[in-house]
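So the structure is just underneath, and the comments pick up after that.
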Amino acid sequence: KAPDAWEKIFPPGPHLYQGLRSICEHIEYYGTGGGLCRPLFAEFLEEAAGALGDRGLSRLAERYAELGRGWSALAEAALPDEVPAFRKTKELLARRAEILTAQHDGPESDEAECSKALKQGFPLDLAKSAALRRELKQRVAALYQGEVTALGALREWL
């Protein structure tokens, strides 16, 4: 019932699509290297653990690697493959990221066409949209707890 409830901000249609697309894009492709940079941070911690001979840092590295897998799973869940238009969106995001990494022209026209089609006919009804929002909310809450725990462990190490 809150004015900022996901159901009100992201009803089925263009707003929900943009939110779902943004989740996937920013976690996996927006300069993060995937997993919202957590795997990259895990690699750093593992290298530091080896250089310092510190098993505590190795345990922290595994926590951050697990968080990275969780963030990537959230990105995957935001655009489920069983919805063809969502699978296509993920494919286009991945393709654009590959092209940008190779410093070529991006497939913006394909992506714009896909966005336009989804605005005209959103693939989820009210019940399926609500179920997807509930699932994402649970995943975000679990990731938040994991982040808080990992950060606490990092503070203890410091």
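The values are calculated or read from the model by the stated rules, or taken from the named source; none is laboratory data. Since the model is a prediction, treat every value here as computed from it, not as a measurement. All Cβ positions, even for glycine, are placed from backbone atoms using ideal geometry, and neighbour counts span all protein chains on display.
Note on segment 113-150: among residues that are touching a residue at least 60 places away in the same chain (Cβ under 8 Å) and outside any helix (DSSP H, G or I), the one that is nearest to Glu76 (Cα to Cα) is Leu124.
Name every residue in segment 26-81 that is of a type in the set (Asp, Glu) and in contact with a Ser or Thr (Cβ under 9 Å, 6 or more places away or on another chain), in order of residue number. Within segment 26-81, Glu28, Glu46 qualify.
Applying the selection to segment 45-64, what residues are touching a residue at least 24 places away in the same chain (Cβ under 8 Å) and among the hydroxyl-bearing types (Ser, Thr, Tyr)? Hit for segment 45-64 is Tyr64, nothing else. Do we find that Leu93 is at pLDDT 85 or above and touching an Asp or Glu at 6+ places or on another chain (Cβ under 6 Å) in this structure? So Leu93 fits the description; yes.
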